[in-house]
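This report concerns only the one structure given below.
The numbers here are math on the coordinates, done by the rules we state, and not lab data. Keep in mind that what you see is a predicted model, and the values were worked out from it rather than measured. No Cβ is skipped: glycine too gets one built from the backbone with ideal geometry, and neighbour counts run over all protein chains shown.
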Amino acid sequence: MCCSHDDFDKRSLTEKDLHPPSGKPFSLDSVKGMQFFDPHVHMTSRTTDDYQAMADAGVVAIIEPAFWVGQPRTGVASFQDYYSSLIGWERFRASQFGIKHYCTIGLNSREANNEALAEQVMEILPHFIYKEGVVGIGEIGFDDQTAAEEKYYRLQLELAKEAGLPVQIHTPHRDKKHGTTRSMDIALEHGLDPATVIVDHNNEETVKEVLDRGFWVAFTIYPFTKMGNERMVEIVKQYGPERIMVNSAADWGISDPLAVPKTAALMKEQGISEEAIRLVTYQNAITAFSHSGQIYEADFSAIKDIDQSRKFEGNSILRGGQQPRIDKNSLIIR
Ligand SMILES: [Zn+2]
């Protein structure tokens, strides 16, 4: 699960959240031609409009971590179908917009608390983690920091080690600092190399320790509840671009699938060098997840050859006689 789903149901949105004062209108002109890699975005809960907007903004590749779907799953078959869709239908859907789709597979921390189900999920994970395009075990870690969460986090770290896959860690929203430290302690205890571990959902309070200990430091730009991109710019100014990466974690909550290109544009405006922007919005994520042996930049351009009438197991993204590639700038919808 990502940055804020689990906070969302516990907090009530204020009038200001629902109708925030409008910020400056965004333009991505300054980053036109740049390529972006969003290493954390839940496209299963997004629309084709989002895919189109991301492609238009320069997002060439993404990673979709397996997560909580907003309500608890009641049987292992739901996990099975979900994992299958991440390596099947969703990857196909992304390809129809010229976006290379990867995923990480894992049992999320929240559902690790249903131990009877968690046991069954652990049994099916090995069937999925070795599939093509699976670039890590994720997102795993702590939510409420319970004993069950720790148990399945540890088991999945062992699985990652065995499979030689990177780990994508979801750090908890409550008691974040302690939970982040503990997540890293345990990863080291299991003998994982910090160079293959991506610690996600960081903030000003955690960044220094995660950097100092040699892990990858991911930041989720998620409206209202987590990091805003103005704060993100300050972090890059202070710490530089090394081992830092930015993601949107866009999902079924109020979130923004353009968070990565928008942050790049803001960085550009604030005088951060193009090379630093390239590192935090593209290259660092590729380097980190390349330890899976699954990411090749040449594939990003190969997938640009789009034919929206292509089919995946008999289904295309075109419904009932639609023509490929609708013109979003046209008022007329045919
Ligand atoms: Zn997430």
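Excluding same-chain neighbours fewer than eight residues apart, the aspartates and glutamates reachable from K24 by a Cα-Cα span under 14 Å are E230, E269. Projecting the Cα atoms of Q322, G271, T48 onto the charge dipole of the chain (Cβ charges, centred on the Cα centre) puts Q322 farthest toward the positive pole. Within the shell defined by Cβ-Cβ distances under 9 Å, the residues around P241 carry a net charge of 0, with Lys and Arg each +1 and Asp and Glu each -1. Summarising the amide proton neighbourhood of Y102: residues at separation of 5 or more, or on other chains, whose placed amide H is nearer than 5 Å comprise I62, I63, E64. Find which of Q238, A163, G141 sits farthest along the positive direction of the dipole of the chain, computed with +1 on the beta-carbon of Lys and Arg, -1 on that of Asp and Glu, about the Cα centre. Sorting the options by dipole projection puts first Q238.
The value of relative contact order for segment 158-310, using C-alpha pairs under 8 Å at least six residues apart, is 20 percent.
Distant-in-sequence amide contacts of G141, defined by a placed amide H-H separation under 5 Å and a gap of 5 or more residues or a different chain, comprise S109, H170.
Counting only DSSP beta bridges with both residues in the chain, the antiparallel share comes to about 5 percent. 3J(HN,Hα) along segment 251-263: 8, 8, x, 5, 8, 9, x, 9, 4, 5, x, 5, 5 Hz, from the Karplus curve 6.51 cos²θ - 1.76 cosθ + 1.60 with θ = phi - 60°, whole Hz, x for Gly and Pro.
When F312, F142 are sorted by how many other C-beta atoms sit within 10 angstrom of their C-beta, beginning with the fewest, the order is F312, F142. Net charge in the neighbourhood of E64 (other residues with Cβ under 14 Å of its Cβ; Lys, Arg +1, Asp, Glu -1) is -1. Among E132, E162, E274, which one shows the highest mean-square fluctuation when the chain is modelled as a Gaussian network with alpha-carbon springs under 10 Å? Taking springs between Cα atoms under 10 Å, the residue moving most is E162.
This model, with +1 at the C-beta of Lys and Arg and -1 at the C-beta of Asp and Glu, gives segment 29-302 a dipole about its Cα centre of some 220 debye. Residue exposure proxy: T281, T220, ordered by other Cβ atoms within 10 angstrom of their Cβ from fewest to most, comes out as T220, T281.
Expressed as a whole number of Å, what is the distance separating the alpha-carbon centroids of segment 61-95 and segment 134-161? Between the Cα centres of segment 134-161 and segment 61-95 lies a distance of 17 Å. Expressed as a fraction of 2.2 N^0.38 Å, the C-alpha radius of gyration for segment 29-302 is 0.92. For K100, K237, K176, the sequence from fewest to most other C-beta atoms within 10 Å is K237, K176, K100. For the residues Q294, Q238, Q96, a GNM of the chain with alpha-carbon springs under 10 Å puts the largest fluctuation on Q238.
Taking the chain as a Gaussian network of alpha-carbon nodes connected by springs under 10 Å, the highest mean-square fluctuation of the residues I221, I277, I306 belongs to I306.
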